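What follows is a short report on a single structure.
Here, each number is a calculation from the coordinates, and none is a lab measurement. Remember, predicted model here, so these are calculated numbers, not experimental data. Ideal geometry is used to build each Cβ from the backbone, glycine not excepted, and the neighbour counts take in all protein chains shown.
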Amino acid sequence: MSADPSQEIDSNMDASASNDKSPALRYRGRFAPSPSGPLHFGSLVAAVGSYLQARRHGGSWQVRIEDIDPPRVVVGAAEDQLATLARFGLRPDGPVQYQRRFTPRHAAAVERLLDQGLAFPCGCSRSDLPASGVYPGTCRDGLPPGRASRSIRFRVPAAAVRVEDPLRGAWEERLEERCGDVVIRRADGHYAYQLAVVVDDLYEGITEVVRGADLIDSAARQQALHQAFGRTAPRWLHLPLVVDSSGRKLSKSSGADPVAARPAADALALALRVLGQPPPPGLQSLDTLWSWAHAHWDPTRIPTDPFEI
């Protein structure tokens with residue numbers, strides 16, 4: 001860590017940029033599960049998609065366990081998830097990272113935003129928000145009399161944030177209208193997902209974020225944070241959701257989850273079909289499926305509609 005933690009993001013991004021001349025380092029992707037339970041099929045689809053996209057670009061694929069929210073962490077879940085990834089032949093190009101170890105860099109990032117006037121203390125609780133859930137800027141100009149600070153919020157830009165996804169096109173969001181200023185340090189003292197994921201992606205030099213469409217609403221918020229740190233956001237690629245027969249996102253607890261209910265090769269073949277890359281008949285082992293997938297991966301064939309199982 002540098003002597004001044006507030007410079008850590010810049011120094012590491014500068015180092016990443018200097019290494020960008022190497023084709024092997026130009027692309028850097030990641031898979032970042034939350035250890036709140038076993039690895040479910042939707043997460044496997046995200047892992048497979050992010051892994052194959054990294055391989056297509058001749059880059060590296062990292063795994064980061066996003067365990068920054070202690071109330072949601074299930075003991076042993078991270079180890080179980082990593083064992084499941086290994087069972088499917090998914091091994092990262094480097095040590096597994098654990099987000100909880102990086103709270104000093106998250107703290108430095110929040111202080112940096114506060115110092116620049118891009119964040120502010122907020123005394124509001126969830127019950128103080130209007131029915132829309134959109135933060136109305138109550139504490140933007142200072143805490144109201146008699147109200148103590150509970151959290152820290154990022155001051156979202158007034159201008160529209162433009163987001164691009166090669167599968168879903170481009171769109172603009174006015175965050176003041178959509179969500180209001182974003183909590184980056186919670187009332188319980190923990191750093192919020194939106195802040196931590198941006199800081200860690202910057203620090204690790206991630207160039208493309210490949211993940212499920214359930215996180216698409218976070219893209220504009222995270223892009224605005226990247227811009228607040230003076231950096232260009234990574235590219236976004238949001239994969240189709242996996243849903244059950246009622247159209248709901250597949251639950252981790254579902255007994256029909258293919259990760260637990262099917263042999264690994266069958267589950268991988270199904271994941272490839274979800275991603276619009278159906279393997280030909282006769283490929284019955286992980287090795288033959290991976291070999292075919294590496295040779296035929298085409299992100300333009302990834303669908304946007306949810307996949308029902």
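Worth a mention:
- Among LEU225, LEU202, LEU143: highest mean-square fluctuation, GNM of the chain, C-alpha pairs under 10 Å: LEU143
- Cut-off under 5 Å, modelled amide H: who pairs with ASP181 long-range: TYR135, GLY137, VAL156
- Taking the DSSP bridge list for the chain and keeping only pairs wholly inside it, about 50 percent are antiparallel.
- Packing order of peptides 156-169, 49-62, highest average first: 49-62, 156-169 (average count of other Cβ atoms within 10 Å over each peptide's residues).
- Structure remark: mean-square fluctuation, Gaussian network model of the chain, C-alpha springs under 10 Å; the largest value among ASP128, ASP93, ASP80 belongs to ASP128.
- For the stretch 121-195, relative contact order (Cα pairs under 8 Å, six or more residues apart, normalised by length) works out to 30 percent.
- Dipole of the stretch 163-251 computed with +1 at Lys/Arg Cβ and -1 at Asp/Glu Cβ about the Cα centre; of PRO234, SER246, ALA187, farthest Cα towards the positive end is SER246.
- Sorting 213-222, 299-308, 117-126 by average packing, meaning the other beta carbons within 10 Å per residue, from highest down gives 213-222, 117-126, 299-308.
- Whether the stretch 5-308 is rounded, prolate or oblate, judged on the alpha carbon gyration tensor where a/c under 1.5 counts as rounded: prolate
- Relative contact order (%) - the chain, alpha-carbon pairs under 8 angstrom, separation at least six: 20
- Percent of beta bridges antiparallel (DSSP, the stretch 17-160, rounded to nearest 5): 40
- No disulfide-compatible partner, judged by a Cβ distance under 4.7 Å, exists for the following cysteines of the chain: CYS124, CYS179.
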